[in-house]
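Structure record follows, encoded as structure tokens.
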């Protein structure tokens, strides 16, 4: 058995220690960030707002309920006073400038570090046939309406100038076992090579061989199926909506289970001739269909396309059950966009926007790591634990850790115990109307720029 997933008592203790180290390294300033800066060649001066302090402030800022820079500086002063240091000015200018000085590569390294730590905390019982399964899906985010953001990530063409926000398309690759985000890509909402499949191709080489990738029907093209297979990655997705499936043809492996050939299409414009020649002339793909009997689901029949072609190892029922769990990626995206307030970003330049996104994902992985540690300690499935509750518990525990109120080991054990008690309800087949019981006041949408409105209102007054 791989030592990475050793579930013996000593293995569990080692994983809990790894999770504790990760959480404490990010909840309080740690020299590890300075070592990463040295590795990537980032030069800095030893000052109050050094990379160690600023990265810690930025990550805890997105984890807090209040995302303001003012609150981040207030948090820093509380941390300094608790350690007998002089407080700094409450102005946010120095902190904002220090964030701009940090390189993007630092946050990319931190994201890879947190995803790797979450993987180390995994249990083998959470895997699929001993293999790591990852899920991919896309979403959009808006950001501060500045000229540079509009240039990099233009607003929707249907909106009038000055009445919309810059918008970007993103994809994320999440671990099915841990819920952590391992890879991400971002691009404009519209334009060439900005779709979800294009963004996935840009990071496909980061997905390690031997893994399984879950995706929806948008990703089940010849190019992604073939590219995944060429890299030793297996893809499980719904059949593309443009592909006609006939179970009377192909090599039958069972009822509504067949093996077919996908032939290489003509070269698309986005693919060079050299790259086109690297793809095989055909690939074997397995199709299988199953019914969804559960009430509340819109789709009654689902047809999968996968490169897991051996029906003796990967049975149809197992693959159907595996694809059913793909819905978890929607919940993870909701946690990022809603619980962590990543749906609208505050930073005013594209570079800072990307740093802010990475900080959200680093903080998200930190919460996931604490959930995994609690699940291991109390033998609970991590998907049964509340992300929102864990994030709130971490925020309160982080304040105690920063202010040195109590023994660190007791605080860590208390945090894991609190998270273990925050069980989410098991409500299969729940159906709710898309209506709000509570009335809310709504404002009209802007249809022209704000400045002309101000002038018109001033004239009327």
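With respect to (1) in contact (Cβ under 8 Å) with a residue 60 or more places away in the chain; (2) within 23 Å of residue 402 (Cβ to Cβ); (3) buried (at least 16 other Cβ atoms within 10 Å of the Cβ), the lone exception for residue 78 is condition (3).
Checked against (1) over 25 Å from residue 321 (Cα atoms); (2) touching a strand residue (DSSP E or B) at 6+ places or on another chain (Cβ under 6 Å), residue 190 passes all but a single condition, namely (2).
Taken as a whole, the structure places residue 97 among residues that are within 29 Å of the chain's Cα centre (by Cα) and either at pLDDT 95 or above or farther than 22 Å from residue 394 by Cβ (or both).
Sort out for me the helices (runs of 4 or more DSSP H) sitting completely within segment 329-425 that have 1 or more residues that are in contact with a helix residue (DSSP H, G or I) (Cβ under 9 Å, 6 or more places away or on another chain), at pLDDT 90 or above and at positive phi.
none
Exactly one residue out of 307, 303 is touching a helix residue (DSSP H, G or I) at 6+ places or on another chain (Cβ under 6 Å) and surrounded by 13 or more Cβ atoms within 10 Å (Cβ to Cβ): that is 307. When 269, 289 are checked against the criterion of being assigned to a strand (DSSP E or B) and out of contact with any helix residue (DSSP H, G or I) (no Cβ under 6 Å at 6 or more places or on another chain), 289 stands alone in meeting it. Does residue 54 fit the bill of being modelled with pLDDT of 75 or more and surrounded by 13 or more Cβ atoms within 10 Å (Cβ to Cβ)? Yes; evaluated as a whole, the condition is true for this residue. Only residues that are touching a helix residue (DSSP H, G or I) at 6+ places or on another chain (Cβ under 9 Å) and not in a helix (DSSP H, G or I) were counted in segment 178-203, giving 14. Here residue 221 meets the list (1) loosely packed, with under 11 Cβ neighbours inside 10 Å; (2) within 20 Å of residue 304 (Cβ to Cβ) almost entirely, failing just condition (1). Only residues that are more than 25 Å from residue 324 (Cβ to Cβ), loosely packed, with under 13 Cβ neighbours inside 10 Å and either more than 31 Å from the chain's Cα centre (by Cα) or touching a residue at least 60 places away in the same chain (Cβ under 8 Å) (or both) were counted in segment 247-269, giving 7.
The values are calculated or read from the model by the stated rules, or taken from the named source; none is laboratory data. The shown structure was predicted, so the numbers you read here are calculated from the model rather than taken from an experiment. Quick reminder, even Gly has a Cβ in these numbers, built from the backbone with ideal geometry, and neighbours come from all protein chains shown.
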